[in-house]
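Below is one structure, written out as structure tokens, with a few remarks after it.
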Amino acid sequence: MARHRSCSEAAVDNLPCTGPQQKSEWYWSEWTLSMILAGTRHIQRYAPQKEKHIQSHSAQTSMKTISEEMSKNWLTSWEFLQSKKLHCLIIKSLTVPDIFLYNNLTSVYSKFNNSNYARHVFDQIPNPNIYSWNTILSTYSKSGQLYEMQEIFDRMRSPDAVSWNSVISGHANYGTLEDSVNAYRLMLKCSFVNLSRITFSTMLILAIKHASVTLGMQVHGHIWKFGFVSYVFVGSPLVDFYSKTRRINDAKRVFDELSDRNSVVYNTMISGFFRCGMPEDSKHLFRKMPETDSVSWTAMVTGLTENGLGSEAVDIFREMILERFIIDQFTFGSVLTARGGLSSLKQGKQIHAFIIRTGYKDNIFVGSALVDMYSKCRSIHYAENVFKQMAHKNIVSWTALIVGYGQNGLSEEALRILCEMQRNGIYPDDYTLGSVISSCANLASVEEGAEFHGQALVSGLISFITVSNALITLYGKCGSIEGSHKLFNEMHVKDEVSWAALVSAYAQFGKANESIDLFEQMLEKGMKPDGVTFIGVLSACSRAGLVDKGYQYFDSMVKVNGIKPTLGQYSCMIDLLSRAGKLEEAKDFIHKMPCSPDSIGWSTLLSSCRFHNNLEIGKWAADCLLELVPEDPAGYILLSSIYAANGMRDEVSGLRRVMRDKGLIKTPGYSWIKYKNKVHEFSADDRSNPFSDKIYAELDILYTKMIDIGYKPDTNSILHDVEETEKIKMLNHHSERLAIAFGLIFIPSGLPIRVTKNLRVCGDCHNATKFISKIVQREILVRDSTRYHLFKDGTCSCGDFW
């Protein structure tokens, strides 16, 4: 005769479900927990002793079932409360709970990172089994309580593979490299039979984290020695290790030697090729994959985007849609980055529409990527709207908008949003503050730089290298090279970016020798310069006219450091040769380049042709520039200057006619100066400032004094067909001179005058400012579109070479 089912068993069988939309697929109510024990209480009152044992066993079995389910699910805080209730009921009703119950309760508390509760349950187990020991050991390992973890491990009589891996993982995640390696070596010595694929995977991840090639290669040797080389689970982190340490040939060798390759290994190898700047190899391997998955396609979209192949990334994304692969937040994030990099607003909007159709518009990751994309497309209003419509915002969302404002020249808005973010209880981390500082560096004044510096000090984020590096760059771009170097000297840890930032700051400031000395110190300390650092030192050589030194650095970049030159480095070499007057050599260099220069390269050559009055090469450079950017008036204006300098008035008139027919207008020059937190902007012959009368009177006085000590106006840059006296008057009313005069009137003596101009300072204004600095005995700092000029005692920091 079949026995009757107990109330507790019935309660377990009728556990209600919340449905698939909830975090867990089940829950238990107070009624359910009470019903589990209702049978026990009923039995204690009415049932015979034997039946009591049977029914009590049924209640314990039911609780074991529930506790097992609890340990398998990630629990919410509400469910944690229910877990404590069940624990309480177990204590009240069961004299000697089963060890299985204890283990599951320990596991539940472990999942909540509540090590105190977990340890309390563990200490009540009369005879813990290996699962009990490993559960509490894992609890301490995952929470970073290394002392308690080691104490438990030392008490274990026979630790198994899980035990050793927990200890190694705890040290790897929360301890030092030395402690992790010592634990691994102890395992090799005392318990090598417990080595597993998880052990090797953990050690390889540790080697990647600390960029330790030696450790990674030693682990690889152990993988061979103990026969794990064929394990695909070990092969994937090996490929990842070698690619992330830039040993791509070794990564490829490991990949080729794997007899069994799954999609994870293929995806790791594809990402490795991309990481090492080998997109063609990634594309080839992707097309050879026996079977692709969503991760493979996302890796392609991400890798192509990061390698500057945004158009191809979008094509892969479209193909992914046609192949009906699942598109997740990471795919959308990568393709939106690609669209932003291409500044393609129309296609960005199309992807936005697709996001809305697929139900990802409320995803916080995708929303942040949309803000970033619209910001890079110069559509800050769309970015603002997406941000406002986001139901939930995190630090990434706020950072995207703040950086977007900075990228669009709205530094004050960026600072406002930063303050608003903090009022909302979200405080910047090192990445956010570093990003904000970097995005506002081009627009910030020294005062704003000091504000950022102060916030970094107060928050303690100054200790993060990303923040310090951003501040070095900001001070350099604000014209405070002393501030940059002081902060650099105060840094306890410096990386390649730190050195590159200071090298570039000195180069932009015209201090070529200091920039080159820093670069040499960087090499002596074993730092490996990247492409950006070489741009800085090559710029320094260019501005100092050190042609041979520049060639030496360019060759070492390619042959010693293995860096493939980009258009940025090529433009620096064109600038180096053309500024030094070696225009024929610059022309030969361009012919030998594997690709044609960009607009910056051609403009650099054309500008030098104007400076050195080389009509032949200047016309060739202008033709190439206008073919590349026909709607940019700069090429016509520079060529007009060369024609004018050679008395070719008909050609000048012809170029003006072409510009007029095309509707091209010369970019007007603007200069601005900050005084009492207000920016005062000036254009040539500008009289909109309320203090214009004082400004023009100051300029007249300065002009008279300049003439007395030898100043001679250079009117060759004035292309207008007017009288010589009118040309001199036009020169004297250029925007930078108006800003300087304003500064002399209102900026207290003893403080430097800081002026910013959107275009390159003309030759006559450069010469005039040297005279002004000598007359007024004040430092005048002018930042134009190419560099800083510090005028002092009649000289300029650029050495008249800019």
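Filtered by the rule that a residue be assigned to a helix (DSSP H, G or I), closer than 21 Å to ASP315 by Cα and open to solvent by 30 Å² or more (accessible area, probe 1.4 Å), region 257-293 gives SER271, ARG275, GLU280, ASP281, LYS283, HIS284, ARG287, LYS288.
Let's see how each residue does on (1) of a type in the set (Phe, Trp, Tyr); (2) touching a Lys or Arg at 6+ places or on another chain (Cβ under 9 Å); (3) under 25 Å from ILE673 (Cα atoms):
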{"position": "LEU418", "(1), (2), (3)": "no, no, yes"}
{"position": "MET421", "(1), (2), (3)": "no, yes, no"}
{"position": "ASN424", "(1), (2), (3)": "no, yes, no"}
{"position": "LEU433", "(1), (2), (3)": "no, no, no"}
{"position": "ALA441", "(1), (2), (3)": "no, yes, yes"}
{"position": "VAL446", "(1), (2), (3)": "no, yes, yes"}
{"position": "GLY449", "(1), (2), (3)": "no, yes, yes"}
{"position": "LEU457", "(1), (2), (3)": "no, no, no"}
{"position": "PHE464", "(1), (2), (3)": "yes, no, no"}
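Picking from residues in region 202-248 that are small (Gly, Ala, Ser) and surrounded by fewer than 15 Cβ atoms within 10 Å (Cβ to Cβ), the one that is nearest to the chain's Cα centre (by Cα) is ALA211.
Scoring ASP686 on the criteria (1) touching a helix residue (DSSP H, G or I) at 6+ places or on another chain (Cβ under 7 Å); (2) open to solvent by 30 Å² or more (accessible area, probe 1.4 Å); (3) not in a helix (DSSP H, G or I) leaves a single failure, condition (2). Restricting attention to region 136-189, the residues being charged (D, E, K, R), open to solvent by 60 Å² or more (accessible area, probe 1.4 Å) and part of a loop (DSSP other than H, G, I, E, B) number 1.
If only residues of region 344-365 that are open to solvent by less than 70 Å² (accessible area, probe 1.4 Å) and outside any helix (DSSP H, G or I) are counted, the one that is nearest to VAL314 (Cα to Cα) is SER344.
Going by the structure shown, is ASP362 among the charged types (D, E, K, R), modelled with pLDDT under 90 and farther than 18 Å from THR399 by Cα? Criteria not met by ASP362. Quickly run through region 552-577 and pick out the residues that are in contact (Cβ under 8 Å) with a residue 12 or more places away in the chain, open to solvent by 40 Å² or more (accessible area, probe 1.4 Å) and either assigned to a helix (DSSP H, G or I) or hydroxyl-bearing (Ser, Thr, Tyr) (or both). Within region 552-577, THR566, LEU567 meet the criteria. Residue count for region 517-546 satisfying the condition of being part of a loop (DSSP other than H, G, I, E, B) and of a type in the set (Phe, Trp, Tyr): 0.
Only helices (runs of 4 or more DSSP H) whose full extent lies in region 426-516 are considered here, and the ones with at least 2 residues that are in contact with an Asp or Glu (Cβ under 7 Å, 6 or more places away or on another chain) and modelled with pLDDT of 85 or more are 465-477, 496-508. All of (1) open to solvent by less than 70 Å² (accessible area, probe 1.4 Å); (2) farther than 30 Å from PRO630 by Cα; (3) touching a helix residue (DSSP H, G or I) at 6+ places or on another chain (Cβ under 8 Å); (4) without any contact (Cβ under 8 Å) to a residue 60 or more places away in the chain hold for ASN767 with one exception: (3). Per the listing SER379, SER375, SER296, SER368, the residue uniquely open to solvent by less than 20 Å² (accessible area, probe 1.4 Å), among the small types (Gly, Ala, Ser) and under 28 Å from ARG261 (Cα atoms) is SER296.
Results for (1) in contact (Cβ under 8 Å) with a residue 24 or more places away in the chain; (2) touching a strand residue (DSSP E or B) at 6+ places or on another chain (Cβ under 7 Å); (3) more than 26 Å from TRP224 (Cα to Cα), shown as yes or no for each residue.
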residue: ARG253; (1), (2), (3): no, no, no
residue: ASP260; (1), (2), (3): yes, no, no
residue: VAL265; (1), (2), (3): yes, no, no
residue: GLY272; (1), (2), (3): yes, no, no
residue: THR292; (1), (2), (3): yes, no, yes
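For LEU781, the stated conditions do not hold, so it cannot be described as more than 20 Å from LEU731 (Cα to Cα), outside any loop (DSSP other than H, G, I, E, B) and within 40 Å of the chain's Cα centre (by Cα).
Kindly evaluate LEU177 against the criterion of being of a type in the set (A, V, I, L, M, F, W, C) and modelled with pLDDT of 90 or more. The answer is no for LEU177.
The values are calculated or read from the model by the stated rules, or taken from the named source; none is laboratory data. Quick caveat: nothing in here was measured; it's all calculated off a predicted structure. Methodologically, a virtual Cβ is constructed for each residue, glycine included, from the backbone with ideal geometry; neighbour enumeration extends over all protein chains shown. Heavy atoms of the whole protein, side chains included, go into the accessibility calculation; ligands, DNA and RNA do not. Shrake-Rupley method; radii C 1.70, N 1.55, O 1.52, S 1.80 Å.
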